[in-house]
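Inspection log for the structure reproduced underneath, given as structure tokens.
The values are calculated or read from the model by the stated rules, or taken from the named source; none is laboratory data. Quick caveat, the model's predicted, so the values are computed rather than measured. Because the Cβ atoms are built from the backbone with ideal geometry, glycine has one as well, and the counts that use them run over all protein chains shown.
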Amino acid sequence: MHHPVVIIGGGPSGLLLAQLLHKRGIESLVLERKTKAHVLGRIRAGVLEQGLVALLEEAGCAARLHREGFVHDGTCIAYGDEMFRLDFTEHTGTPVIVYGQTEVTRDLYEAREAAGGPIAFEVEDVVIHGAETDSPHVTYTKHGESHRVSCDFIAGCDGFHGVSRQTIPLSVRREYEKVYPFGWLGVLSETPPVYPELIYANSPRGFALCSMRNDHLSRYYIQCSLSDAPGDWSDAAFWQELKRRLPADIAGRLVTGPSIEKSIAPLRSFVTEPMRWGRLFLCGDAAHIVPPTGAKGLNTAASDVHYLYTGLRAFYESGSEAGLEAYSEKALARVWKAERFSWWFSSLLHRYPDQSAFDLKMQIAELEFLRANTAAQRAMAENYVGLPY
Ligand code: RFL
Ligand code: PHB
């Protein structure tokens, strides 16, 4: 069996790449370790940059997003009982779209299925062979049967725990990591969002975030201890803690209800360099992780997909390898800026175990500077809506 491109991982990066390539007549095989239901059961990102929206449009997968997504022209930042708004559209001319990653992935699966593009679910033992040669191949097993696929290129879109990054020898690969001493406890509930825009809150009790999926579905997060398990938090305890971290007038409006999902995500900054080894290209969480505080994970995955798609297109349409040669450098240049923003925004809003009274004053001074200073607001808005590709 031969496919021009083998894509390992059927998350948003892999599916978006598959669909963009398909639109240009470049066929691929997607290999996914889990079932489709499992992939669609993960509750993750909620904020889409314009760059990702444009790619979804090009992939022919943006109709529902434009119907059902919420255009957000700004966001709110709270500290104690204070709250201010940062206007993205005023500072950058660009809003963000609030539309769940689950829905993006669902739309991409639908498009893939409508196009008849092959996806193998529940694959095991995926191994990449000959990535540094001109004729790589991938082997895997499915339901006990072994398969071998030859290809021109391999896209490693298999997330942080995938095999693609591990295939790059340690002598070639350099990793950079920062692990944060806390996690986010997230709750999804069928309640109306507390506020029409997102609220990022710095409180003496720790960070909180009010987000949403639609008019009847809210997504809330609170900073929690790494030793907590979702089961340690009853719904009542979660709502009580969330309220204590929000300005009193916002807390007073919060509509609570049963959680329909509750999970804990640890916070991590991580980058691997290079993002290419021979004919293997890493995309998305396979190559880098950001703490979710700036909503950059999925959006940075999308910019990788853009650079790889552009490089592959040029290769198949004109034989040029220039885009593929430049892939790692171009993708990483943007990745590091997203890393910086997510690290900065996380540092501004969370409680750290070793924070001194001075450090706390610095957070408040920086929040007040941001509140009052147009240049700082503009820099924040440019990063939040997404730096140019
Ligand atoms: P994914 O989504 O992890 O998909 C990888 C896929 O590869 C499969 N896989 C394999 N398949 C075959 N063989 C193997 N050996 C395999 N190993 C793994 C996996 O089953 C999976 O289906 O990576 P991808 O596609 O790069 O997408 C990245 C995004 O999912 C991620 O960056 C975002 O969810 C991060 N993120 C956010 N990003 C944003 O841009 N905006 C947000 O608002 C935002 N909020 C968040 C987030 C992530 C969160 N968590 C839980 C980490 C909020 C949270 C709480
Ligand atoms: C979400 O809605 O899940 C969400 C929104 C903004 C973030 C992170 C997560 O920064």
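Out of all the residues in region 167-181, is one or more in contact (Cβ under 8 Å) with a residue 24 or more places away in the chain and within 15 Å of Ile7 (Cβ to Cβ)?
yes
Is it true that Leu198 is in contact with a Cys (Cβ under 9 Å, 6 or more places away or on another chain), within 15 Å of ligand 1 (Cβ to nearest atom) and either basic (Lys, Arg) or touching a residue at least 24 places away in the same chain (Cβ under 8 Å) (or both)? Full working, then the answer.
On the way: in contact with a Cys (Cβ under 9 Å, 6 or more places away or on another chain): yes; within 15 Å of ligand 1 (Cβ to nearest atom): yes; either basic (Lys, Arg) or touching a residue at least 24 places away in the same chain (Cβ under 8 Å) (or both): yes.
Answer is yes for this residue.
Which of the residues that make up region 294-319 are assigned to a helix (DSSP H, G or I), more than 9 Å from ligand 1 (Cβ to nearest atom) and either outside the structural domain of His161 (by TED's automatic domain parsing) or surrounded by fewer than 24 Cβ atoms within 10 Å (Cβ to Cβ) (or both)?
Hits for region 294-319 are His306, Thr310, Gly311, Arg313, Ala314, Phe315, Tyr316, Glu317, Ser318.
Looking for whichever is surrounded by 21 or more Cβ atoms within 10 Å (Cβ to Cβ) and assigned to a loop (DSSP other than H, G, I, E, B) here; the options are Asp134, Asp158. Which one fits?
Asp158
Exactly one condition in (1) in a helix (DSSP H, G or I); (2) exposed (fewer than 15 other Cβ atoms within 10 Å of the Cβ) is false for Leu367; which is it?
(2)
Among the residues of region 237-244, is any more than 16 Å from ligand 1 (Cβ to nearest atom) and part of a loop (DSSP other than H, G, I, E, B)?
No, region 237-244 has no match at all.
Among the candidates Pro181, Pro192, single out the residue that is on the phi < 0 side of the Ramachandran plot, away from ligand 2 (no atom under 12 Å from the Cβ) and assigned to a strand (DSSP E or B). Break it down stepwise before answering.
Values: Pro192 fails: assigned to a strand (DSSP E or B).
Among Pro181, Pro192, only Pro181 is on the phi < 0 side of the Ramachandran plot, away from ligand 2 (no atom under 12 Å from the Cβ) and assigned to a strand (DSSP E or B).
Let me confirm something: among Leu17, Leu65, which residue is more than 8 Å from ligand 1 (Cβ to nearest atom), closer than 22 Å to Cys210 by Cα and either buried (at least 18 other Cβ atoms within 10 Å of the Cβ) or of a type outside the set (A, V, I, L, M, F, W, C) (or both)?
So the residue among Leu17, Leu65 that is more than 8 Å from ligand 1 (Cβ to nearest atom), closer than 22 Å to Cys210 by Cα and either buried (at least 18 other Cβ atoms within 10 Å of the Cβ) or of a type outside the set (A, V, I, L, M, F, W, C) (or both) is Leu65.
Name the single residue that is farthest from ligand 1 (Cβ to nearest atom) among those in region 124-180 being aromatic (Phe, Trp, Tyr) and within 18 Å of Gly14 (Cα to Cα).
Among residues in region 124-180 that are aromatic (Phe, Trp, Tyr) and within 18 Å of Gly14 (Cα to Cα), the one farthest from ligand 1 (Cβ to nearest atom) is Phe153.
Check whether at least one residue in region 232-243 is among the polar types (S, T, N, Q) and under 14 Å from Ile222 (Cα atoms), and report yes or no. Spell out how you get there, then give the answer.
Within region 232-243, the subset among the polar types (S, T, N, Q) is 234, 240.
Those left that are additionally under 14 Å from Ile222 (Cα atoms): 234, 240.
Yes; the residues of region 232-243 include at least one that is among the polar types (S, T, N, Q) and under 14 Å from Ile222 (Cα atoms).
Given the condition among the polar types (S, T, N, Q), at pLDDT 95 or above and within 19 Å of Val104 (Cβ to Cβ), answer yes or no: does some residue in region 304-322 qualify?
Step one: filter region 304-322 for residues among the polar types (S, T, N, Q), giving 310, 318, 320.
Next, from what is left, pick out any that are at pLDDT 95 or above: 310, 318, 320.
Going one step further and asking which of them are within 19 Å of Val104 (Cβ to Cβ), we end up with none.
Within region 304-322 (the criterion being among the polar types (S, T, N, Q), at pLDDT 95 or above and within 19 Å of Val104 (Cβ to Cβ)), the answer is no, since none of the residues qualifies.
Applying the selection to region 27-77, what residues are part of a strand (DSSP E or B), over 21 Å from Glu113 (Cα atoms) and either among the hydroxyl-bearing types (Ser, Thr, Tyr) or in contact with a Phe, Trp or Tyr (Cβ under 8 Å, 6 or more places away or on another chain) (or both)?
Matches in region 27-77: Leu48, Phe70, His72, Gly74, Thr75, Cys76, Ile77.
Can you name the residue in region 177-202 that is acidic (Asp, Glu) and surrounded by fewer than 16 Cβ atoms within 10 Å (Cβ to Cβ) and is also nearest to the chain's Cα centre (by Cα) among such residues? Show your work before the answer.
First, pick out the residues of region 177-202 that are acidic (Asp, Glu): 177, 190, 197.
Cutting the leftovers down to surrounded by fewer than 16 Cβ atoms within 10 Å (Cβ to Cβ) gives us 177, 190.
Details: Glu177: 17, Glu190: 23 Å.
Filtering first and then ranking leaves Glu177.
Within the set of pairs 6 or more residues apart or between chains, which connect a residue that is surrounded by fewer than 19 Cβ atoms within 10 Å (Cβ to Cβ) inside region 253-282 to a residue that is hydroxyl-bearing (Ser, Thr, Tyr) and part of a loop (DSSP other than H, G, I, E, B) with Cβ atoms less than 8 Å apart?
These pairs meet every condition: Arg253/Tyr195; Val255/Thr191; Thr256/Thr191; Gly257/Thr191; Gly278/Thr133.
Only residues that are within 11 Å of ligand 1 (Cβ to nearest atom) and of a type outside the set (Gly, Ala, Ser): list them for region 271-293, please. Even if it seems obvious, please write down each step before you answer.
Going through region 271-293, the residues within 11 Å of ligand 1 (Cβ to nearest atom) turn out to be 282-293.
Passing the criteria: Leu282, Cys283, Asp285, His288, Ile289, Val290, Pro291, Pro292, Thr293.
Go through (1) under 27 Å from Tyr221 (Cα atoms); (2) more than 6 Å from ligand 1 (Cβ to nearest atom); (3) among the hydrophobic types (A, V, I, L, M, F, W, C); (4) surrounded by fewer than 24 Cβ atoms within 10 Å (Cβ to Cβ) one by one and return the number of the condition Val39 breaks.
(2)
Take region 255-293 and flag every residue that is within 14 Å of ligand 2 (Cβ to nearest atom), under 12 Å from the mean Cα position of the chain (by Cα) and in a strand (DSSP E or B).
Matches in region 255-293: Ile289 only.
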